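Peer 1: Okay, here's the structure, questions in a sec.
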Amino acid sequence: AEDSTFIQSRKIAYGDGYFVVMSTNGDAWWQSTDGINWQEYEAPGVVLGGGITVRGIAYGQGHFIVITSDFDSTANRIWYKSPSSTTWNENFTTTNISSVDDLIFGNNRFVAVQPGSSNVFYNVRNGKDTWVEVTGALPSPGNWKIGYGQGVFIAVRQNSTEVCTSEDAITWTA
């Protein structure tokens, strides 16, 4: 996997023995069990005729999910697949998650942040449907990057020294 499309891809997740990389324009995706040998597949963006942006990818609760924004900003599309499958299934949510970024899984929930804001979104069911928006959850508006480890979510504000933590992705402490 050394073509320029793969190199430019920047959304990646690992789960259940599989690495999955999604091109940010949603036109292709790759899967590997060893991180060395990759198989390329047609992605959901091709099915839709292109024009999507991959906002985040994560593995949790037995499947990979991808949140995208596209030509229809009201769509709030979520794509999901089981680890060994090569087929993505489409689902929608009524919560406007099409502008989120930095999707992760931790503490039995999917979590994403909205760039330029202090809003956090989470889903405790399966990542595919009901998302909850927590307005003003983070200390200040900005471009936040989030992570999870040892039972704690951490958010770091880009171009800042601002850092906060949370155990549930709802209540954050600076």
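The values are calculated or read from the model by the stated rules, or taken from the named source; none is laboratory data. Remember, it's a predicted structure, so these values are computed and weren't measured experimentally. Because the Cβ atoms are built from the backbone with ideal geometry, glycine has one as well, and the counts that use them run over all protein chains shown. Calculation scope for accessible area: heavy atoms of the full protein, side chains included, ligands and nucleic acids excluded. Shrake-Rupley method; radii C 1.70, N 1.55, O 1.52, S 1.80 Å.
Peer 1: Please verify whether the stretch 127-140 includes one or more residues that are in contact with a Ser or Thr (Cβ under 7 Å, 6 or more places away or on another chain), of a type in the set (Asp, Glu) and in a strand (DSSP E or B).
Peer 2: Yes; the residues of the stretch 127-140 include at least one that is in contact with a Ser or Thr (Cβ under 7 Å, 6 or more places away or on another chain), of a type in the set (Asp, Glu) and in a strand (DSSP E or B).
Peer 1: Are there any strands (runs of 3 or more DSSP E) wholly within the stretch 28-120 with 1 or more residues that are under 13 Å from the mean Cα position of the chain (by Cα) and at pLDDT 85 or above, and if so which?
Peer 2: 53-60, 63-69, 77-81, 101-106, 109-113
Peer 1: To continue, here is another question. Select from the stretch 142-160 the residues that are at pLDDT 95 or above and in a loop (DSSP other than H, G, I, E, B) and list them in ascending order.
Peer 2: Gln150, Gly151
Peer 1: A further question follows. Could you count how many residues in the stretch 126-174 are over 21 Å from Asn108 (Cβ atoms), more than 19 Å from the chain's Cα centre (by Cα) and open to solvent by 60 Å² or more (accessible area, probe 1.4 Å)?
Peer 2: 6
Peer 1: For Arg10, which of the numbered conditions (1) buried (at least 16 other Cβ atoms within 10 Å of the Cβ); (2) at pLDDT 70 or above; (3) under 15 Å from the mean Cα position of the chain (by Cα) fails to hold?
Peer 2: Condition (1) is where Arg10 drops out.
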